[in-house]
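See below for the structure under consideration.
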Amino acid sequence: MRDLTDLGMAHRLADHADVIARHHFSTAAVGSGIKSDGSPVTEADREIEIVLRSLVRQECPDDAFIGEEFGAHGHGRRRWIIDAVDGTTSFLAGEPEWSTLIAVEEDGRITLGMVSAPALGRRWWAMPDAGSWTGPCPCTPDATAHRLALSEGGSAQNAVIGIWPPPPRLNQQERAVAERLARGVDQVRPPIDWTAAEPTTPAPRKPSTGSGTCHGALLVASGQLDAFLLMRAGPWDIAPLIPIVQEARGTFSDLTGRHRSRAVRPPRAPPATPGHRSPRQMSGTRPRLRSPSADEKDRRAALKMPTGAAFPMPTRDDDGAPPSSTADRISHLTWTVLNRAGVFVLLQASPAGT
């Protein structure tokens, strides 16, 4: 079965990436530079991407490959999408919240996602219809994996939201989106002034800091956040997280309220993960929010949005007028989806198929 073959291949790629990353991470002075977009890059980023691309070429010669550092290679209906070191700033700072992101895209559909975080000793993975899982890293044959499963949500007013990156890295419109979202919920991580354009000291810590995960979407999938807004991301930052969130019964959406992946389907009993003992299911650890009010129930019924379905964007404000700004649109989207399981939202990101 190709899906299970892909999963085994992804684990092998992650094992190779972990070894290289650990070597560089343990080095006192990691070679690094600044890319044209102002983000940091290390020797580990480049080495991991080169090695993983070579392995894909050897074992899956008909598959294409795209990575953050060296771009696209090859053509085909299937391709591997790689971010060698996601969280490079944390990597350079000696913090453990970084990882290698791996995805498989087939005919424009994400069919596998994996996050390997060797400094945390954890790995997360998912395939459509097969559940979302976490286990130790490296993932040995006798390791036990645990399934991620979110519970139903409640009101956005009681929600805990993550937003990233911080305001100095956003433009004015993006800061307005973040600020509007922050005002409409109970807690925001990081808890900062989202209207402030100037850098602050100390710099804000990303939402996953100290959480045992390395990405805001994993905070959603593990029930630690109700929603996560990621701005200015590339396909390699997003594609691996889509099935992990969706298979945990969360939602992935853009600002239009539509999925950027066709990977979500009604869940069914997952197959045993090759090379692992039978996983035990985790109950959703996400705190249960208060029950929806009558008004919220009416709003949900009017929008006809059952749990597990795609979440269309409301086209009108409460007074009947169309949403007047991007900030209004994200506010509508957030109020809508937070009445059910967790949501991983993104802004200004390229679909994984482009």
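No lab work stands behind these numbers, since they all come straight from the coordinates. Please read all numbers here as calculations on a predicted model, not as lab measurements.
Couple of notes before you dig in:
- HN-Hα J in Hz across the range 139-146 - Karplus 6.51, -1.76, 1.60, θ = phi - 60°, x for Gly and Pro: 8, 7, x, 9, 6, 9, 9, 10
- More than 19 Å apart - percent of Cα-Cα pairs taken over the range 2-147: 50 percent
- Here the range 126-193 and the range 31-103 have alpha carbon centers that stand 23 Å from each other.
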